[in-house]
Each structure stands twice: as structure tokens, then as C-alpha cells.
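Structure first, commentary second.
The values are calculated or read from the model by the stated rules, or taken from the named source; none is laboratory data. Just so it is clear, the model here is predicted, and its values are computed rather than measured. Please note: Cβ atoms are built from the backbone with ideal geometry, for glycine as well, and neighbour counts cover all protein chains shown. For the accessible areas, the whole protein counts, side chains as well, though only heavy atoms, and no ligand, DNA or RNA atoms are used. Shrake-Rupley method; radii C 1.70, N 1.55, O 1.52, S 1.80 Å.
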There are 2 protein chains.
Amino acid sequence: MLVGAASWGIDSMTGTMPDSAIRPRKEFGKTIAADITHRLREEIITCALAPGEPLRFDVLRERFGASFTTLREALTALAAEGLVDAQEQRGYRVAPVSRRDLVEVTDARVLIEVELIRRSIERGDDDWEIAVISTLHRLKRIEQRDPEHPLRDPEWKIAHRQFHQALVSACGSATLLAIRAELFDRAERYRHLSANFRPRPRDKAGEHQAIMQAAIARNPDLAVQLIETHIRTTADNVAAYAGHLLDTE
Amino acid sequence: MLVGAASWGIDSMTGTMPDSAIRPRKEFGKTIAADITHRLREEIITCALAPGEPLRFDVLRERFGASFTTLREALTALAAEGLVDAQEQRGYRVAPVSRRDLVEVTDARVLIEVELIRRSIERGDDDWEIAVISTLHRLKRIEQRDPEHPLRDPEWKIAHRQFHQALVSACGSATLLAIRAELFDRAERYRHLSANFRPRPRDKAGEHQAIMQAAIARNPDLAVQLIETHIRTTADNVAAYAGHLLDTE
DNA sequence: AAGGATATGATTTTCGAAAATATAGGCGGG
DNA sequence: CCCGCCTATATTTTCGAAAATCATATCCTT
């Protein structure tokens, strides 16, 4: 899903509040459809809904307490984002995963993220620097507090997402940012897929620190190289630890 | 809208049949929602529905003969593609146009199309060469037959789209092809916007011919340079001839 | 027993009414 | 006279029933 002007793309950045908490039927100002889109997206990204799993309306209806139509609207939106697979006249299912798709998403992310980092470094102002530094700081704080299995911690996820978002936020193109956000979500699903099998997370803290420094130092070539390595090694890890889940198709 | 695997992206390539013709309520095998999505997309791209125009359900209901829900699903999908702007609780409207958006779309197209051309030239096989040559041939035939105002001719539009699609079709990434297709649609809307004011179309035939030759000759640097110029001069023409329509916002 | 048509059940897809929300116009108070 | 509140209307959003479609099992024919 691309974006008209700069409308949604953002909402996938706001993270999610724990479903266990007492929550209003829908968040303020949002339609039920938008809320369900958001909740479904989270469940798919975190693999609470497994790749390839059929999404039957009866089940969803009970789980989310919305009607056919509302659910259908949410599924349509997610299909446009590539997280749901629409099979005409035969319903929806969680988008399947595959080695090939992982490679495509990784390549596309590198292509776009590299460009956006360059533009951000060139155009970023003081506010941008502050955003990059502060989001990294928060991320590190969370990592210190609980250094194991960061993906399990929703707070780490949000902070991680916001740091990477901050890095490219000054690029000046809402269009490309929206594309980037979608690819980020699709990649994050693969990270979750492998998180359960990865014995121990590698030291991402150092990588993030280095990326931040290169960005603030306005060294585009170094920043780009670090980001590309960051993205590709993450994908390689997924392929290594979740490889057995990628050949189902 | 991005794509899950490789599902839709294609359908925006199939063109449209004249609405005046006697057509079945929906095309074979498609849901009504998918059909309406397709028809609405065409009307937005061709500016039959003007940029910024509100899309009220009563009006759409009469025009397309579908119910609220079905229309809503179509609008959701188009919002994900960036052709429709969803204003929470306040309905939908055709995505507005602006100079800034035109620049963003153009830049994004260059970034992605350039990469895909490179990959296609590197990976394209005999079938790819044949597709490139034959789609260009058809395009030239149509241009000879009726050399004025090509955008008015639906056949030219389809042929033009298919030629550019063929050029990048061997890139190997359904993900990037889907992104490219969306950006192409958004750019085509701007072309339509200026078509009514452009005194005479420039000689695109020569440019297409040169691009084809560079591609078949496996000269990526030249092909990339030609494509970039092609995209940017088209956008410049839009800005020049439809500039007065881009400052409404 | 194999193949194919048909009936049955499960599931998706569509519809229009009803509820929720926004917009516009009028009324009263400052 | 202008501003804010309140009511009336217009519009969107949601719902569950009904229609359409697909999947499965059964039965008939060869």
C-alpha cells in the first residue's frame, strides 16, 4: 500500500497497546475498521496469526467482535499492504512466507532505505539529529533493562521501529516513507518468525550506535554501508534460524 | 499498495473496456468489489473524477450500482494505492494533486524504475527481448494510425503501459514490480491532467525506440539514462502545462 | 470400481436498514 | 453585531440477514 499524501504510514509506527489491558472498543477518533486493521496487522507481524493461516470470517468475527463487512474492509487494507493474501471468492489468509519473498523484501528495503538515509543526512536539521539521538537513547535504555529476547518486549519493538524511522524521517518524501513503512512491517514479520529459534540475539546495540554516529557525522557513505549490512545480516539470520519455516510452500 | 506475493499489480495493466459497451454486471470470476475497484481506478487515473473531488456514497451508489459496503471496500483498496484520500469519519475524496506530490512520485519512480531496468537487462532472457520488441511494435502501430493526443486513445494507453511493463518485467522482484505499478498509475493521472492543455505531444516514439535499443543491446547505463530523462521530462511537461492545476492546495 | 453429475453444507460476498458521527443553520446571550 | 451552543439534517459507518459461490460427499451410470 502506498499513500495518497502522508496519511496513514504513520499509524504503523505508533505501536500497539497490550490487548490484555482494558481497552475501549475502539481508540478515540478511529473507526472500528481502522482499529481492527491495526490489531490484525500487529497479530500478523508478530506471527500470532501464522503465515498461510486461513482467515475465516466466523473466527475473526468472534475474535474481534466486528461484523463481516468491517472485517472485510480491514482485510482489504492489509491485502494491499502485502500482509494478507486475498483469494478471490475463496477468502483470505495470512500472507505466506518464503525464502524468495524474504529476499525480495530485503532487496527492496536496501534499495529504498539507502536512498532515504542519504537524503535524510543531506537534508536533516537540528530536530532530525535530536530525534535520531533520543530514539536511540531510549532504545538503549530498554535494552539495558532487559537484555534478552528484545522482540518479545513490545516496548523494545516500538523503540526500535522509531529509531529506524527517525533516521529516514528527514528524507522529504512521504511517498517513499510510506513504501518503506510497509516493507519494514513485512520484514519485521520475518524477524518474529525466527525470534523463537534464535538462541541469542546478536549485538544490535553496537550497530545502531554506529549508524547513529555516521548519520550525525553526516557521513552518508558509511551510514549507507552500515544500514545495508544491518538489514542484510538480519535477513541472513532469519534465513538461518527460521529456514525450516520458509520451505513450506 | 504493495503486494503480498504477486497477485494484483497486474490488473491495473489490463486496461479498461469502454463503459458504454454492454458489459456484464461484473467480469468473470471477479467479485463486484474488485470490479468496482478497477473501474474507479480508471476513472481516477483518467481524471474523469477530478482530483480532490469528494466521493460521496450516495453518488457512487447511483453511478456504480453497488451498496455502501462494496463501495467502501473499493475505496479502502484505492486509498491504499494512494489514489483516494480517506478522511476518517468524513468520507473519501479523490486524492488531491500537488506539485510536491508530483515531484515525490517522479523521484520515487526514477529510483525504482532505474533499478528494475538494470536488473531486467541483466537477467532478461529471449522471452523478455521478444516482449520488449513486440510491445514497442504494437505501440508504434497505434501511434501511426492516430498520431494525435495518444492519451485519449485507450488502446495507446494500454500499449504504452505494456511496453514499459515489459521493459522491467524480467527484474525478478514481484514486490518491486507492485510498487512500480502503483507509482506508474499515480504518474499517469498527472499525465492525463496535463493532456488537455498540452498543445501537441512531444515525440515519444523516438524515445521509446531508443530505450528499447539500449535494453536489447544490454547497455544498462544508457538505458537507465534514457529512462530517467523520459520520466523526468514527462513530469516537467506536466508541471509546465498543468501547473495552474497543481497549486489549488 | 471409476468417472462424473448432483445435492448438501460451509463460507464468502452483497445488500439495505439502523446506528453513529459530522455538518449546517438557527437561536440566545454577551 | 458577533460568538458559542444547540438542534436538525446530511453523511458516514456498522451491523446481521440474505444471496451467491465454493467445497465435499453422495449417488447414478457405464
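Output yes when any residue across segment A:199-209 is free of Cβ contacts under 8 Å to residues at least 60 places away in the same chain, more than 28 Å from residue A:52 (Cα to Cα) and of a type outside the set (D, E, K, R), and no when none is. Yes, because at least one residue in segment A:199-209 is free of Cβ contacts under 8 Å to residues at least 60 places away in the same chain, more than 28 Å from residue A:52 (Cα to Cα) and of a type outside the set (D, E, K, R). For segment A:70-96, the candidate set comprises residues that are within 13 Å of DNA strand D (Cβ to nearest atom), of a type in the set (D, E, K, R) and within 21 Å of residue B:86 (Cα to Cα); within that set, the residue that is most open to solvent (accessible area, probe 1.4 Å) is A:72.
Among the candidates A:114, A:110, the residue that is within 14 Å of another protein chain (Cβ to nearest Cβ) and within 21 Å of residue A:202 (Cα to Cα) is uniquely A:110. Residues in segment A:55-91 that are in a strand (DSSP E or B) and more than 10 Å from chain B (Cβ to nearest Cβ): A:55 alone. There is no residue in segment A:40-48 that is facing chain B (nearest Cβ under 10 Å) and open to solvent by less than 30 Å² (accessible area, probe 1.4 Å).
Inspection of segment B:164-182 identifies no residue that is in contact with a Pro (Cβ under 7 Å, 6 or more places away or on another chain), surrounded by fewer than 23 Cβ atoms within 10 Å (Cβ to Cβ), assigned to a helix (DSSP H, G or I) and of a type outside the set (Phe, Trp, Tyr).
Considering segment B:92-106, and only residues there that are away from DNA strand C (no atom under 16 Å from the Cβ) and among the hydroxyl-bearing types (Ser, Thr, Tyr), the residue that is farthest from the other protein chains (Cβ to nearest Cβ) turns out to be B:106. In the set (1) free of Cβ contacts under 8 Å to residues at least 24 places away in the same chain; (2) out of contact with any Leu (no Cβ under 7 Å at 6 or more places or on another chain); (3) within 16 Å of DNA strand C (Cβ to nearest atom), the condition left unmet by residue B:77 is number (1). The criterion of being within 16 Å of DNA strand C (Cβ to nearest atom) and surrounded by fewer than 16 Cβ atoms within 10 Å (Cβ to Cβ) holds for residue B:61. Of (1) open to solvent by less than 40 Å² (accessible area, probe 1.4 Å); (2) free of Cβ contacts under 8 Å to residues at least 40 places away in the same chain, residue B:105 satisfies all except one. Which? Looking at each condition in turn, residue B:105 falls short on (2).
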